[in-house]
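Here is the structure we will look at, set down as structure tokens.
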Amino acid sequence: MTPNDLIALEDRFGARNYKPLDVVIERAEGVWVYDVDGRRYLDCLAAYSAVNQGHCHPRILEAALAQMHRVTLASRAFRNDQLPLLYEQLHRLAGFDKAILMNTGVEAVETAVKAARKWGYTIKGIPADRAHIIVCNGNFHGRTLAAVSFSTEPQYRAGFGPFLPGFSAVPFGDADALEAAITPETCAFLIEPIQGEAGVIVPPAEYLARVADICRARNVLLIVDEIQSGLGRAGRMFAFEYDGIRPDAVIIGKALAGGFYPVSAVLARAEVLDVFGPGDHGSTFGGNPLACAVARAALDVTVDEKLPERSAELGAYLLDRLRAMRSAVVKEVRGRGLWIGIELTTPARPYCERLKDEGVLCKETHHTVIRLAPPLVIRREEIDWALERIENVLNRD
Ligand SMILES: Cc1ncc(COP(=O)(O)O)c(C=O)c1O
């Protein structure tokens, strides 16, 4: 079948909830992906940071295959020999008392919201059904009904009401607004330490430290969504480390399984996750042995290959080179680690199309921003290869 046949089939029989670039990927290895015609592209999106370890990483692949030969799904009706080892590994990696395993990122967000509400009732003493959670303008936490209920993006909400009550939004980066929005019924503040979908927006210095102080003083849980920013992407294992804070809970997903499998988790203080009793929450696939074996290998690769350190070093290099670039269409270049937003003065989609034609895959976000987030195993020569093409495309007009 030709690429056009495949695209036509997809558009004919599939829901059109995405508008992908027309590159039909057949295989991938490390930072490179190949289309059905065998053309090679440098992946500068890394599946929205789910393949920080590079595509089809051999160590993760080996762990996945070995586990597939043993047992894949036991359900949580029984115990399995991988889950306890992953829990312990997560504890050692991040220092939180406990974890709960889910599958996709948004499920872990929902889990954190449920835990926060129940904590609000059982520990903080909020009257029944009054718990309130504060989020940020421009947030992205996924697309289930809970997540779109507290989204401030009109498109994510249009046509999907009625929405879940109990949320309000404050400007990202404004600690005074957070302080003013807290009421005795507020149980949590949910925040991305760097807003990804909004266009890779880094908050002002000191913001998260002040937020952490405010939350502690007002007995409000600070829940940090590191689904995209975490596990090395922003140049630290967790982006919140830049601010020297300790959240009450952190949500991870995406790169937790290196792109092999959806695995997500909430890591938190015992007081938060201990609100769940048997039957309060669950998932058929959450914490299954295949997911856990894959996640254990993905975390090992992240640590052993020093991916956060690589991200910090190579990201600084990429950011400097991009900032030095002269282009009539670039408004701002920003980011942390190998996670960079190039904000244009004009829609970014045509530039992503042209970059694809040059062999560089990336995707626009928020209309005018090109997001660069290559796998963290990328080498400097490969960054230079991409830079040459980015400079060509952004200088063409
Ligand atoms: C910060 C953040 N939270 C949550 C999600 C949702 O994750 P998933 O698509 O795996 O449900 C995303 C996905 O991009 C994200 O970036």
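The values are calculated or read from the model by the stated rules, or taken from the named source; none is laboratory data. Nothing here was measured: the structure is a model prediction, and the numbers come from that model. Virtual Cβ from ideal backbone geometry, glycine too; neighbours counted across all protein chains shown.
Sort out which residues of region 340-354 are closer than 25 Å to V202 by Cα and touching a helix residue (DSSP H, G or I) at 6+ places or on another chain (Cβ under 8 Å), and write them in order of number.
The answer is I340, I342, L344, Y351.
Got a number for residues in region 211-224 being touching a residue at least 12 places away in the same chain (Cβ under 8 Å) and either among the aliphatic types (A, V, I, L, M) or under 19 Å from G138 (Cβ atoms) (or both)?
Of the residues in region 211-224, 8 are touching a residue at least 12 places away in the same chain (Cβ under 8 Å) and either among the aliphatic types (A, V, I, L, M) or under 19 Å from G138 (Cβ atoms) (or both).
Can you go through L221, L190 and tell me which one is among the aliphatic types (A, V, I, L, M), under 30 Å from D300 (Cα atoms), within 16 Å of the ligand (Cβ to nearest atom) and in contact with a helix residue (DSSP H, G or I) (Cβ under 9 Å, 6 or more places away or on another chain)?
L190
From the residues in region 239-261 that are more than 14 Å from the ligand (Cβ to nearest atom) and surrounded by fewer than 23 Cβ atoms within 10 Å (Cβ to Cβ), which one is farthest from G337 (Cα to Cα)?
Restricting to residues being more than 14 Å from the ligand (Cβ to nearest atom) and surrounded by fewer than 23 Cβ atoms within 10 Å (Cβ to Cβ), the top hit is R246.
Output the number of the condition that E271 fails; it satisfies all remaining conditions of (1) surrounded by fewer than 20 Cβ atoms within 10 Å (Cβ to Cβ); (2) within 13 Å of the ligand (Cβ to nearest atom).
(2)
Out of S311, S264, report the one residue that is touching a Phe, Trp or Tyr at 6+ places or on another chain (Cβ under 8 Å), buried (at least 24 other Cβ atoms within 10 Å of the Cβ) and polar (S, T, N, Q).
Only one candidate passes the filter, namely S311.
How many of the residues in region 104-134 are within 11 Å of the ligand (Cβ to nearest atom) and either within 19 Å of A180 (Cβ to Cβ) or not charged (D, E, K, R) (or both)?
6
Scan region 360-389 and report the pairs whose first residue is within 15 Å of S49 (Cβ to Cβ) and whose second residue is assigned to a strand (DSSP E or B) and among the polar types (S, T, N, Q), with Cβ atoms within less than 8 Å and a gap of 6+ or a chain change.
R371/T365
When region 1-59 is examined, which residues are found to be of a type in the set (V, I, T) and assigned to a helix (DSSP H, G or I)?
Passing the criteria: only I7.
Is it true that some residue in region 270-291 is under 21 Å from the mean Cα position of the chain (by Cα) and of a type in the set (D, E, K, R)?
no
Among the residues of region 48-67, how many are surrounded by fewer than 16 Cβ atoms within 10 Å (Cβ to Cβ) and either within 26 Å of the chain's Cα centre (by Cα) or of a type in the set (V, I, T) (or both)?
5
If the Cβ limit is 6 Å and pairs must be 6+ apart or interchain, which residue in region 225-237 that is within 12 Å of the ligand (Cβ to nearest atom) pairs with which residue that is among the aromatic types (F, W, Y) and assigned to a loop (DSSP other than H, G, I, E, B)?
E226/F238; G230/F238; R233/W339; A234/W339
Can you tell me which residues in region 93-102 are more than 16 Å from the chain's Cα centre (by Cα) and either in a loop (DSSP other than H, G, I, E, B) or within 12 Å of the ligand (Cβ to nearest atom) (or both)?
Across region 93-102, the qualifying residues are G95, F96, D97.
Out of the strands (runs of 3 or more DSSP E) lying entirely within region 320-390, which hold 3 or more residues that are at pLDDT below 95?
So the answer is 363-365.
For residues that are in contact with a Leu (Cβ under 6 Å, 6 or more places away or on another chain) and part of a strand (DSSP E or B), scanning just region 134-177, find the one that is surrounded by the most Cβ atoms within 10 Å (Cβ to Cβ).
V135
When region 103-133 is examined, which residues are found to be part of a loop (DSSP other than H, G, I, E, B) and farther than 27 Å from V263 by Cα?
Within region 103-133, G125, I126, P127, A128, D129, R130, A131 qualify.
Go through L344, L338 for me and flag whichever is of a type in the set (A, V, I, L, M, F, W, C), more than 26 Å from A77 (Cα to Cα) and away from the ligand (no atom under 16 Å from the Cβ).
None of the others qualify; the one that does is L344.
Under 6 Å by Cβ, and 6 or more places apart or on different chains, what pairs join a residue from region 182-203 that is in contact (Cβ under 8 Å) with a residue 24 or more places away in the chain with one that is assigned to a loop (DSSP other than H, G, I, E, B) and near the ligand (Cβ under 10 Å from one of its atoms)?
P193/S229; I194/S229; G196/Q228; E197/F140; V202/I194
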